[in-house]
1. Return the residue satisfying two criteria in turn: it lies in the stretch 117-145 and is free of Cβ contacts under 8 Å to residues at least 60 places away in the same chain and under 25 Å from Ala192 (Cα atoms), and of such residues it is surrounded by the most Cβ atoms within 10 Å (Cβ to Cβ).
2. Just to check your reading of the model, which residue among Arg181, Arg265 is surrounded by fewer than 19 Cβ atoms within 10 Å (Cβ to Cβ) and at pLDDT below 95?
3. Going through the stretch 148-166 one residue at a time, which ones are hydrophobic (A, V, I, L, M, F, W, C), in a loop (DSSP other than H, G, I, E, B) and farther than 19 Å from Gly136 by Cα?
4. Looking at (1) more than 21 Å from the chain's Cα centre (by Cα); (2) within 19 Å of Thr177 (Cβ to Cβ), can you tell me which one Cys49 breaks?
Amino acid sequence: MVLPRRVWDYIRSLGSEGAAYAEIRGWRFDYVAPRYRYRPSVSEVASYCPSRRDIYLRRVVGVKPPRSQQAVYGMLVHEFFLEPFRLVDRGVTDVEELAAARRQLARRLGVRPDRFLLRVYSLGAALALQSLVEGGVPVRVEPQLPGAPVGLSDMVKPDLLVGFIPVEVTTADPYSTYGGRKELQLAGYALALEAWTGFPVDYGVAVYIRRRESGDPFPEWRVVPIDDGLRRSFLRARDEAAMIVENGVDPGPAGDGCPAWCPFRGTVQGCS
C-alpha cells in the first residue's frame with residue numbers, strides 16, 4: 001500500500017469518531033456552484049501568496065516571471081517521486097528497468113540528479129512496488145477529474161488517488177502559508193471527486209518531502225479530515241481567486257508574508 005500502516009490506522013480511528021462528517025459535498029450544487037464565470041485551477045485557489053496577488057499579476061496584468069530555483073527544484077523532486085508510480089502503473093516492475101527509467105527521466109528533464117533526487121526516486125520506487133505487491137487498494141497517478149461542476153478549471157489532477165483518498169506531494173514547509181494551503185488543495189480534489197462519483201471523500205493526505213540532516217529525504221505524512229470547515233474555506237478561497245481575475249481587482253502586496261522565493265520579486269510590478 002502507498003500509505004504507511006500507521007496512516008491507515010489513524011484514518012480508521014478518525015472514521016470511528018465521525019471526525020470528518022460533512023454536509024457540503026461535491027454533489028450538493030446548491031453549496032458548491034460557482035459565483036463567477038472564471039474558474040480557477042486548484043493551485044490558484046491554494047496559492048503560495050498570502051494575498052493572492054500572484055494570480056492578479058499573472059492572469060490580469062499578464063506578467064510572466066522566471067521560475068525561481070526553489071520552484072524548479074520542487075518540480076524535480078515532485079517528478080522524481082511520482083515517476084516510479086507512473087512506471088509501475090504501466091507494468092514496469094523490474095528493478096533494473098526502474099533504474100534505467102530514472103536515467104531517462106533525468107535526460108528528459110535535462111538535469112544531473114544530485115544525491116537527494118536519487119534518494120527521492122528510490123523512495124517513490126519502494127512505495128510504488130510495495131503497493132503493487134500488497135495490492136488491495138487501487139492507486140491512480142495524476143488522474144484527471146472534472147473540475148467544472150465545482151467551479152474549478154476543466155480538469156484537476158491530484159498527485160495520487162489511493163482508493164478514494166486524494167494525496168498531494170509537496171516540498172513546501174508544512175508550517176508555512178503555502179504548506180498549510182495544501183489542505184485547501186485536498187478539499188478541492190475531494191469536492192471534484194465527489195461531484196464526479198457521488199462517493200463521499202472524508203480524508204486527504206499531504207506528503208511533505210523533507211530533508212534530514214544526513215541529506216536523505218523522508219516523507220512526513222499528514223492526514224487531513226475534509227470537514228465542513230475546510231470545505232467552506234476552500235469555497236471562499238475559490239471565489240476570491242475568481243473575483244480577482246474576473247473583476248481585475250488588485251488584492252495588494254503580501255508584505256512581510258511574501259516568501260523569499262516568490263518569482264514576482266524583482267519584477268516591475270513587484271509583489272511586496
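1. Just the residues of the stretch 117-145 that are free of Cβ contacts under 8 Å to residues at least 60 places away in the same chain, to begin with: 117-118, 121-122, 124-126, 129, 132-133, 135, 138, 140-141, 143-145.
Applying the additional criterion that residues be under 25 Å from Ala192 (Cα atoms) yields 138, 140-141, 143-145.
Details: Pro138: 10, Arg140: 15, Val141: 19, Pro143: 17, Gln144: 12, Leu145: 25.
Top of the filtered list is Leu145.
2. Details: Arg181 fails: surrounded by fewer than 19 Cβ atoms within 10 Å (Cβ to Cβ).
None of the others qualify; the one that does is Arg265.
3. Within the stretch 148-166, Leu152 is the sole residue that qualifies.
4. Of (1) more than 21 Å from the chain's Cα centre (by Cα); (2) within 19 Å of Thr177 (Cβ to Cβ), only one is false for Cys49: (1).
The values are calculated or read from the model by the stated rules, or taken from the named source; none is laboratory data. Here the structure is a predicted model, which means the values were calculated and not measured. Cβ coordinates were reconstructed from backbone atoms using ideal geometry, including for glycine residues, and neighbour counts include every protein chain displayed.
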